[in-house]
Amino acid sequence: MPFGVNAFIDKMEEVVPGSRKSMTAFFELCEEVRDAQAYSSSVNGNTDSSYMKEHFPNFIRAGSYSVNEVLGALGMPTAAQDILNAYWCYLGVDCDRMSFLHYGSMVIRYITRDAWMPKMRSHEISLALEERIRELGGEIWYHSPVVNIHADGPGAITGVELSDGTLIPTRHVVANCSPHLVFGGLLEEKAVTEQMVRAANARVFSGRGFSLFLGLNRSAEELGIRSHNYFIYDTADSVRQYDRMRKVDTNHVQATVCLNNAFPGCSPEGTCILYFTTMFMSDDWGNVSDADYFKAKDRVADDMIRVFERETGCKIRGAIEEIAAASPTTYARYCGHPQGVIYGYEAADWDALMSRMMMMREDAQLFPGLRFAGGWAMRSSGYSSAYVSGDLSGRQTVGDLKKEVR
């Protein structure tokens, strides 16, 4: 499917005749969703209900409905829904439970802004941020993991302790990690309330990540790899697919990228790079024994290659020169994520995107002085969402500090 709203609608009409009207209505509704969210961000989530009703009535009407409910109400043909819903794996929730506002917001941004990447990969973004932070007088401490958040009691942070024993006095913390990790291990026990524990335990972990990276000694063109991004599912039904992804043995989903088809110079001439990602929607990987761990990684990696070759017709196995796999255990070890989760908490049902945005004030009152950013926070997972959540939590923390000065 192409980028650009008109091009997308035209292509959908070509593939699914009779879909133009519903697709046009879909993107019009998505535009309103985007405008409503921009307004909400501009007032730090303190929206005026009268203003919302006057300017974004359809946004409010769609607010409590799922993706499939809204697409059905728009009269969109099933085949068009199947194509449009292919992006659901970006958010990790099936379309029966995913909030339409969340999905619509993501799709309209993706289709209208195109897909972009830095030539030096995502790490280049991190380096640019690091440079700017230092220019503005900020400090970044590497190899300095936090091991304790000290507090005199609930809502009374006194400092952060690093692994080398360094104590940083502070009354405010923005944590780019799981509340489960903060409340269950970092924050002093005397400061953890039952309400905080219940709030965290009520939420559901989203997808546990598995990634495979291949360095191939032939070019993408030679191998017949034409696209940059492939979504390969067992079924177009996101609900059935989500259920199959609960088990390692029944999950054959992959989102696969050939970097060279976006940036040809990313690897030496005559070679290419492929990377595959899937998720497990339960902790089934935790059932893999220590003795079987490496064999299990190999089985999943082998299945990814087999499925890619079967569905695309591209024979890549004989061109593999470098290979590396990362399981949920890898993500848990290196990133500290419970169960190897890479999508934070599942943004579904009562814990969907808009619910989180509307609860920012109440969540902050659970523990004054402590806010969250990143995939576990109010904007859910994804690069842009992580940046936005950091911006929101940072500005709100600055506001807290200004109130203290008064």
- prompt: What's the number of the condition Pro268 fails, among (1) surrounded by fewer than 13 Cβ atoms within 10 Å (Cβ to Cβ); (2) in contact (Cβ under 8 Å) with a residue 40 or more places away in the chain?
  reply: (2)
message: Condition (residue is closer than 21 Å to Tyr275 by Cβ, part of a helix (DSSP H, G or I) and of a type outside the set (Val, Ile, Thr)) applied to the stretch 363-380: is it met by at least one residue?
response: no
- request: Quickly run through the stretch 235-270 and pick out the residues that are within 23 Å of Trp88 (Cβ to Cβ) and touching a Leu at 6+ places or on another chain (Cβ under 6 Å).
  value: Cys258
- request: Those residues that are of a type in the set (A, V, I, L, M, F, W, C), over 24 Å from Arg395 (Cα atoms) and in a helix (DSSP H, G or I), I need them from the stretch 147-191; list them, please.
  value: Ala191
- prompt: Where in the stretch 46-111 are the helices (runs of 4 or more DSSP H), entirely inside, with at least 1 residues that are among the polar types (S, T, N, Q) and at pLDDT below 90?
  reply: 49-55
statement: Checked the stretch 63-84 for anything under 25 Å from Phe276 (Cβ atoms) and surrounded by fewer than 22 Cβ atoms within 10 Å (Cβ to Cβ); matches are Asp82, Ile83
Hey, Arg34 touching a residue at least 24 places away in the same chain (Cβ under 8 Å), of a type outside the set (Asp, Glu) and either touching a helix residue (DSSP H, G or I) at 6+ places or on another chain (Cβ under 7 Å) or not assigned by TED's automatic domain parsing to the domain that holds Ser355 (or both) or not: yes
query: What residue, of Ala301, Ala324, Ala319, Ala296, is among the hydrophobic types (A, V, I, L, M, F, W, C) and touching a Lys or Arg at 6+ places or on another chain (Cβ under 6 Å)?
result: Ala319
- request: Go through the stretch 237-265 and give me each residue that's buried (at least 17 other Cβ atoms within 10 Å of the Cβ), assigned to a helix (DSSP H, G or I) and not polar (S, T, N, Q).
  value: Tyr242, Arg244, Val248, Leu259
field: Selected residue (criterion: nearest to the chain's Cα centre (by Cα)) from residues of the stretch 227-270 that are among the acidic types (Asp, Glu) and under 20 Å from Ser206 (Cα atoms)
entry: Asp243
- request: Could you list, in sequence order, all residues of the stretch 219-236 that are surrounded by fewer than 17 Cβ atoms within 10 Å (Cβ to Cβ) and of a type outside the set (Ser, Thr, Tyr)?
  value: Glu221, Glu222, Gly224, Arg226, His228, Asn229, Phe231, Asp234, Ala236
Residue that is surrounded by the fewest Cβ atoms within 10 Å (Cβ to Cβ), among those in the stretch 5-19 that are without any contact (Cβ under 8 Å) to a residue 40 or more places away in the chain and within 21 Å of Met106 (Cβ to Cβ): Asn6
- request: Report whether or not Leu181 is among the hydrophobic types (A, V, I, L, M, F, W, C) and not assigned by TED's automatic domain parsing to the domain that holds Ile305.
  value: yes
message: Checking the conditions here, which among Met357, Met304 is of a type in the set (A, V, I, L, M) and closer than 17 Å to Ala199 by Cα?
response: Met357
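The values are calculated or read from the model by the stated rules, or taken from the named source; none is laboratory data. No experiment lies behind these values; they were computed from the predicted model shown. So basically every Cβ, Gly included, is an ideal-geometry build from the backbone, and we count neighbours across all protein chains shown.
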